[in-house]
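Undergrad: Provided herewith is a single structure, encoded as structure tokens, for subsequent inquiry.
The values are calculated or read from the model by the stated rules, or taken from the named source; none is laboratory data. The model shown is predicted, which means the values in this text are computed figures rather than measured ones. Glycine also receives a Cβ, built like all others from the backbone with ideal geometry; neighbour counts cover every protein chain displayed.
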Amino acid sequence: MRIRSLVQVARAGSLWERVRAVRDGEAAIRVAMVAAALETGVLDALRRPRTTAQLAKELGAVDEPLLEAFLGGLRAARLVRSPSGGHRLARRGRALLGDDVVRAAYEAFGGFHTGLYRDLPKQLRGGPGRRDVATRGEVIARLSRAMEPLVHAALAGEVRAAAPGRILDVGCGDGAHLAHMLTLAPAAAAGIGIDVDDAAAALAARTLSRHGLSGRARVLRADVRDVVAEPALLGGPVDLALLANAIYYLPEAERAALLRDVGALLAPGGTLLVVSTMADGSAFSRHFDLLLRAQEGQMALPTTAEVQAAVAVAGLDPVRTRRLTPGEPLYAVTARRPTSP
């Protein structure tokens, strides 16, 4: 009877595409459910056991039956347990809250990453550009930490090759990359982080302090173009500069100028490492490129060829380009400042 039922389903249409559609739909529901559980505060509230009434009061929910139905979905997803009429986090729920990258992934993919497609019909008809980069920068930064081990592996090779005495991280974010480079560099090496965002600069300073690097590093709240105009702010040229996950926020016409500005801060023979998600044939890179192009401003993913060309226009010598992990659109382009004009 089961085989007969499958045959009937198969005859009704494309069996495999129907199965795929249902599976994709179920995955989308799970992502949206977890995102809602985070946004409503349900999961955070259940760090301690609560009854439905207690949870409703704490969250300001007035529809307890609807809340109970939502909790039923979270139980089915194995995020919540409800023994003896109360509710508490299940093991999966505790693990989710214990890993901030996982949490950020649900917040991002259940929010603006999928909201892009819900709003796309309006935008295609002339609706306003999105502001996710401007308003959700904190979530974007937290999610980008998922790629930190891959970036750090690339940085380790560059630090070993350059043995830098002075290191610069442009757009240093939370300071993790700069801290990693300094721990691998010679003990006398000094580091400078630059970021235009006050909160990011403050966070980077705390990161460096936490790693015991405050005596070897400092953070400037500045635009790199201002630093080029006043190079004394750096205290001298640097041997290794990093530009990670920032180049796609600039219009293509301005990228060579940015690279020229960073290159001008290098000592002769100094190394510039550009790390970025780049446009290739992968589904995620095409999605990310669309997300950037939908923003206010002129943002887009570059291709590796475009970054290599911008490096050359900036007066730097391309050394190599490599993908940092198979199947993912994360690349590193290494360039050097010529030793003579």
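Undergrad: Before we move on, is GLY281 among the small types (Gly, Ala, Ser), over 19 Å from the mean Cα position of the chain (by Cα) and surrounded by fewer than 16 Cβ atoms within 10 Å (Cβ to Cβ)?
TA: When the stated conditions are applied, GLY281 passes them.
Undergrad: Inspect all residues belonging to segment 260-272 and state whether any of them is in contact with a strand residue (DSSP E or B) (Cβ under 8 Å, 6 or more places away or on another chain), closer than 24 Å to ALA162 by Cβ, surrounded by fewer than 19 Cβ atoms within 10 Å (Cβ to Cβ) and not β-branched (Val, Ile, Thr).
TA: Yes.
Undergrad: Across segment 201-221, what is the number of residues that are crowded, with 17+ Cβ neighbours inside 10 Å and among the hydroxyl-bearing types (Ser, Thr, Tyr)?
TA: Residues in segment 201-221 being crowded, with 17+ Cβ neighbours inside 10 Å and among the hydroxyl-bearing types (Ser, Thr, Tyr): 1 in total.
Undergrad: Same structure again: So which of ALA176, ALA153, ALA146 is closer than 24 Å to LEU258 by Cα and either touching a residue at least 12 places away in the same chain (Cβ under 8 Å) or of a type in the set (A, V, I, L, M, F, W, C) (or both)?
TA: Every option except ALA176 fails the conditions.
Undergrad: Looking at LEU120, LEU168, can you tell me which residue is outside any helix (DSSP H, G or I) and either crowded, with 17+ Cβ neighbours inside 10 Å or not small (Gly, Ala, Ser) (or both)?
TA: LEU168 is the lone residue from the list that is outside any helix (DSSP H, G or I) and either crowded, with 17+ Cβ neighbours inside 10 Å or not small (Gly, Ala, Ser) (or both).
Undergrad: Restricting segment 123-143 to residues that are basic (Lys, Arg) and in contact (Cβ under 8 Å) with a residue 60 or more places away in the chain, which is surrounded by the fewest Cβ atoms within 10 Å (Cβ to Cβ)?
TA: Here the answer is ARG131.
Undergrad: Filter segment 171-200 down to the residues that are in a loop (DSSP other than H, G, I, E, B) and on the phi < 0 side of the Ramachandran plot and list them by number.
TA: Matches in segment 171-200: CYS172, ASP174, ALA185, PRO186, ALA187, ALA188, ALA189, VAL196, ASP197.
Undergrad: Of all residues in segment 177-200, how many are surrounded by 19 or more Cβ atoms within 10 Å (Cβ to Cβ) and within 17 Å of the chain's Cα centre (by Cα)?
TA: So the answer is 4.
Undergrad: So how many residues does segment 42-70 have that are under 30 Å from the mean Cα position of the chain (by Cα) and more than 13 Å from VAL80 (Cα to Cα)?
TA: Here the count works out to 1.
Undergrad: Give the number of residues within segment 81-110 that are at pLDDT 95 or above and within 30 Å of ALA294 (Cβ to Cβ).
TA: 10
Undergrad: Among the residues of segment 289-307, write down those that are part of a loop (DSSP other than H, G, I, E, B), within 14 Å of ASP132 (Cβ to Cβ) and not acidic (Asp, Glu).
TA: Passing the criteria: ALA294, GLY297, MET299.
Undergrad: Next up: If you scan segment 321-341, which residues turn out to be more than 24 Å from the chain's Cα centre (by Cα) and not in a loop (DSSP other than H, G, I, E, B)?
TA: If the condition is that a residue be more than 24 Å from the chain's Cα centre (by Cα) and not in a loop (DSSP other than H, G, I, E, B), then ARG336 is the only one that fits.
Undergrad: Right, something else. Return yes when ARG78 is assigned by TED's automatic domain parsing to the domain that holds ALA108, surrounded by 12 or more Cβ atoms within 10 Å (Cβ to Cβ) and either at negative phi or modelled with pLDDT of 95 or more (or both) and no when it is not.
TA: So ARG78 fails the test.
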